[in-house]
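Trainee: Sending over a structure as structure tokens; questions will come in a sec.
The values are calculated or read from the model by the stated rules, or taken from the named source; none is laboratory data. This structure is a prediction, so every number in the text was calculated from the model and none was measured. Counting neighbours? That spans all protein chains shown, and the Cβs are built from the backbone with ideal geometry, glycine included. For the accessible areas, the whole protein counts, side chains as well, though only heavy atoms, and no ligand, DNA or RNA atoms are used. Shrake-Rupley method; radii C 1.70, N 1.55, O 1.52, S 1.80 Å.
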Amino acid sequence: MSLPTTALINSKLPDVGTSIFTVMSALANEHNAVNLGQGFPDFPMPEALIDAVDKAMRDGYNQYQPMQGNLQLRETLAEKIASLYQTSINPADEITITPGGTYALYTAMTCLLRPGDEVIVFEPAYDSYIPGIVINGAVPVRIPLQFPDYKIDWNKVRNRITPRTRMIIINNPNNPTASILREEDIQSLRDLLNSFDQQTYILSDEVYEHLVFDNLPHLSILRYPDLLSRAFVCFSFGKVYHCTGWKLGYAVAPAALMSEFRKLHQFNCFSCHSPSQIALASFLKDRDQYLSLAADMQDRRDYFLELMRPSRFSFLNSYGSYFVCAQYKAISDEGDFTFAQKLTREQKVATIPVSSFYTNGTDHKVIRFCFAKKKETLENAAERLLRV
Ligand code: PMP
Ligand code: GLN
């Protein structure tokens, strides 16, 4: 039964359906499948962080934090940024704590974009970007990453720049492709932005900042003052501390941009969950917690790939994030959504079809696996996947 309505709905997002993560997780639950689809760890978050939240609540930190976020937490983040990226950020007016990375991205788009503005977005694109552009009346300018390395073709980008280009969205490390940006990409981005007059902003989604493998560096926009001067950089604590359900993150930007961000944030959210901010302010001081993440996740990646070596899947490179993509051409010529659904129903392993991240449905017959899982989960999944 649904409520009757007399309202006529002229949707602002007519092309948006249910997110592929929700669709595949629901299918996984329905079929009792191992879920390597939606990106979340199935191992516990740090016990000490749970204790710290518990303590914060018992110590009485249960009322509003300041709109910008807990000051100690912002100060600790500024220290972390200084030590990792050698950039000095003012915690007073250049960091804001947000209810998750997605919210930070959306708020940055909303405070900068005007109807008719163009936004460069690379496909496959994380699913929240294009709706965030469209709802603001701006126009997504979609540029495909080059298959199978998923690198940016900077000449293509140059050809799509117009006087209306207001923003470029980058995602490093990239979800779903697990590619990362290299020095030459940073230089190309810089050259591009310097070569035309209009004000174009960078929106840099770096929620997987600590998940870069094989001793490669994470080339955060925070490292480059010239690029940072026109950027919002967005992060998620959920990815760092294995607590995606906490939905807590932050944005970093120069004060003038952050001031616009906060105009929106103060009315859309005002302030975030208090005890977890108190807990994170102290927990973040333990640098090993985040510095050890890449090795741990690389280990899981390698374990999964080794288990899958005899399979008929052809794995693409995973340099960062907690995902790895694979082509299944040797197994089937079905579309990737059909293939992923069948895999869930028949082999009981859920994955994510990568065509969902393209608006034109480009289908390279690639699915994405999340390896942020216990080893036994990966073994269980691999055993089933080796049968196909
Ligand atoms: N960006 C990317 C690329 C992601 O994969 C995710 C998380 N799943 C987010 C943003 C959002 O993070 P949060 O859950 O903190 O909103
Ligand atoms: N970011 C997660 C992923 O890529 C999913 C988050 C969500 O379900 N919105 O799988």
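Trainee: Return the total of residues in the range 76-101 being free of Cβ contacts under 8 Å to residues at least 60 places away in the same chain and either closer than 16 Å to Ala255 by Cα or crowded, with 18+ Cβ neighbours inside 10 Å (or both).
Mentor: Selection size over the range 76-101: 4.
Trainee: Exactly one condition in (1) within 16 Å of ligand 2 (Cβ to nearest atom); (2) part of a loop (DSSP other than H, G, I, E, B); (3) without any contact (Cβ under 8 Å) to a residue 40 or more places away in the chain is not met by Thr6; state its number.
Mentor: Among (1) within 16 Å of ligand 2 (Cβ to nearest atom); (2) part of a loop (DSSP other than H, G, I, E, B); (3) without any contact (Cβ under 8 Å) to a residue 40 or more places away in the chain, the lone unmet condition for Thr6 is (1).
Trainee: Moving to a separate point now. Working only within the range 15-40, note down all residues that are part of a loop (DSSP other than H, G, I, E, B) and either within 16 Å of ligand 2 (Cβ to nearest atom) or open to solvent by 100 Å² or more (accessible area, probe 1.4 Å) (or both).
Mentor: Asp15, Val16, Gly17, Thr18, Ser19, Asn32, Ala33, Leu36, Gly37, Gln38, Gly39, Phe40, listed by residue number.
Trainee: Here's another thing I want to ask about it. Write out, first by first residue and then by second, each pair whose Cβ atoms fall under 7 Å of each other, whose residues are 6+ apart or on separate chains, and whose first residue, in the range 26-48, is touching a residue at least 60 places away in the same chain (Cβ under 8 Å) while the second is within 16 Å of ligand 1 (Cβ to nearest atom) and of a type in the set (Phe, Trp, Tyr).
Mentor: Listed pairs, sorted by first residue: Leu36/Phe369; Gly37/Phe21; Gln38/Phe21; Gly39/Tyr322; Gly39/Phe323; Met45/Tyr241; Pro46/Tyr241.
Trainee: Here's a follow-up. Assess whether Arg182 counts as being more than 21 Å from the chain's Cα centre (by Cα) and among the charged types (D, E, K, R). Even if it seems obvious, please write down each step before you answer.
Mentor: Values: more than 21 Å from the chain's Cα centre (by Cα): no; among the charged types (D, E, K, R): yes.
Here the answer is no, as Arg182 does not meet what is asked.
Trainee: Which of the residues spanning the range 321-358 are in a helix (DSSP H, G or I) and open to solvent by less than 70 Å² (accessible area, probe 1.4 Å)?
Mentor: Asp336, Thr338, Phe339, Ala340, Gln341, Leu343, Thr344, Gln347, Val354, Ser355, Ser356, Phe357
Trainee: Continuing with this model, one more query. If the Cβ limit is 6 Å and pairs must be 6+ apart or interchain, which residue in the range 208-219 that is assigned to a loop (DSSP other than H, G, I, E, B) pairs with which residue that is open to solvent by less than 10 Å² (accessible area, probe 1.4 Å) and away from ligand 1 (no atom under 16 Å from the Cβ)?
Mentor: Between residues of the range 208-219 that are assigned to a loop (DSSP other than H, G, I, E, B) and residues that are open to solvent by less than 10 Å² (accessible area, probe 1.4 Å) and away from ligand 1 (no atom under 16 Å from the Cβ), the close pairs are Leu219/Ile186.
Trainee: Here's another thing I want to ask about it. With the condition kept exactly as written, say whether any residue in the range 130-143 is within 16 Å of ligand 1 (Cβ to nearest atom), more than 15 Å from Val233 (Cα to Cα) and in a loop (DSSP other than H, G, I, E, B).
Mentor: Scanning the range 130-143 turns up no residue that is within 16 Å of ligand 1 (Cβ to nearest atom), more than 15 Å from Val233 (Cα to Cα) and in a loop (DSSP other than H, G, I, E, B).
Trainee: Do we have Ser318 as more than 25 Å from Phe232 (Cα to Cα), modelled with pLDDT of 95 or more, part of a loop (DSSP other than H, G, I, E, B) and within 16 Å of ligand 1 (Cβ to nearest atom) here?
Mentor: It is true that Ser318 is more than 25 Å from Phe232 (Cα to Cα), modelled with pLDDT of 95 or more, part of a loop (DSSP other than H, G, I, E, B) and within 16 Å of ligand 1 (Cβ to nearest atom).
Trainee: Separate question: Give the residues of the range 121-177 that are farther than 30 Å from Tyr328 by Cβ and basic (Lys, Arg), sorted by residue number.
Mentor: Arg158, Arg160, Arg164, Arg166
Trainee: Something else: I'm checking my understanding of the structure. Among residues of the range 228-243 that are closer than 20 Å to Leu291 by Cβ, touching a strand residue (DSSP E or B) at 6+ places or on another chain (Cβ under 9 Å) and open to solvent by 10 Å² or more (accessible area, probe 1.4 Å), which one is farthest from ligand 1 (Cβ to nearest atom)? Please lay out each step first, then the result.
Mentor: Applying the first criterion (closer than 20 Å to Leu291 by Cβ) to the range 228-243 yields 233, 235-243.
Okay, now just the ones that are also touching a strand residue (DSSP E or B) at 6+ places or on another chain (Cβ under 9 Å), so 233, 235-239.
From the residues that got through so far, the ones that are open to solvent by 10 Å² or more (accessible area, probe 1.4 Å) too are 236, 239.
Details: Ser236: 3, Lys239: 7 Å.
Within the range 228-243, the match that is farthest from ligand 1 (Cβ to nearest atom) is Lys239.
Trainee: For the structure I just gave you, tell me whether Pro124 is buried (at least 20 other Cβ atoms within 10 Å of the Cβ) and either touching a residue at least 40 places away in the same chain (Cβ under 8 Å) or out of contact with any strand residue (DSSP E or B) (no Cβ under 8 Å at 6 or more places or on another chain) (or both).
Mentor: yes
Trainee: Consider Cys269 carefully, then state whether it is under 21 Å from Thr177 (Cβ atoms) and of a type outside the set (Phe, Trp, Tyr).
Mentor: Details: under 21 Å from Thr177 (Cβ atoms): no; of a type outside the set (Phe, Trp, Tyr): yes.
Spelling it out, it is not the case that Cys269 is under 21 Å from Thr177 (Cβ atoms) and of a type outside the set (Phe, Trp, Tyr).
Trainee: Another question, then. Within the range 149-195, track down each residue that is assigned to a strand (DSSP E or B) and either without any contact (Cβ under 8 Å) to a residue 24 or more places away in the chain or open to solvent by 30 Å² or more (accessible area, probe 1.4 Å) (or both). Reasoning before the result, please.
Mentor: As a first pass, look at the range 149-195 and keep what is assigned to a strand (DSSP E or B): 151, 165-171.
Those that are assigned to a strand (DSSP E or B) and either without any contact (Cβ under 8 Å) to a residue 24 or more places away in the chain or open to solvent by 30 Å² or more (accessible area, probe 1.4 Å) (or both): Lys151, Arg166.
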